[in-house]
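Below you'll find the structure, written out as structure tokens, and then a few comments.
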Amino acid sequence: MNALQRRSLGPLLGSVLLLAGAFGFQYLGGVAPCHLCLLQRWPHAVAIVLGLLVLAWPKRGLALLAGLAVLTGAAIAA
């Protein structure tokens, strides 16, 4: 595992945990998500897919796109 792959683990795991928490609240806790919550899920899903691609093929462009997806999710929340 090279340095790029190690650095991509943080955003990847963060997005996985955020989506797992959201789905946990929705399906296990019975809390219905608001429209904004549903919109925030998409950038995290994209970040997860791109993060997994970075782990398989460590390309800097993929890592930058994954980081941009995470920041997009944060911008929707703001």
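Just a few scattered comments:
- Selection status of residue 11, touching a helix residue (DSSP H, G or I) at 6+ places or on another chain (Cβ under 6 Å) and assigned to a helix (DSSP H, G or I): yes
- Condition check for residue 39: assigned to a helix (DSSP H, G or I), without any contact (Cβ under 8 Å) to a residue 12 or more places away in the chain and either buried (at least 16 other Cβ atoms within 10 Å of the Cβ) or not hydroxyl-bearing (Ser, Thr, Tyr) (or both): no
- Screening residue 30 with (1) surrounded by fewer than 16 Cβ atoms within 10 Å (Cβ to Cβ); (2) in a helix (DSSP H, G or I); (3) of a type in the set (Gly, Ala, Ser) gives one miss only, at (2).
- Pair list, Cβ under 9 Å, 6 or more apart: segment 43-65 residue at pLDDT 90 or above and outside any helix (DSSP H, G or I), other residue buried (at least 21 other Cβ atoms within 10 Å of the Cβ) and among the polar types (S, T, N, Q): 58/8
- Filter pass, residue 18 being surrounded by fewer than 17 Cβ atoms within 10 Å (Cβ to Cβ), of a type outside the set (Gly, Ala, Ser) and either at negative phi or in a helix (DSSP H, G or I) (or both): no
The values are calculated or read from the model by the stated rules, or taken from the named source; none is laboratory data. Everything quoted here is computed from the prediction, not taken from an experiment. Note: ideal-geometry Cβ built from the backbone for every residue, glycine included; neighbour counts use all protein chains shown.
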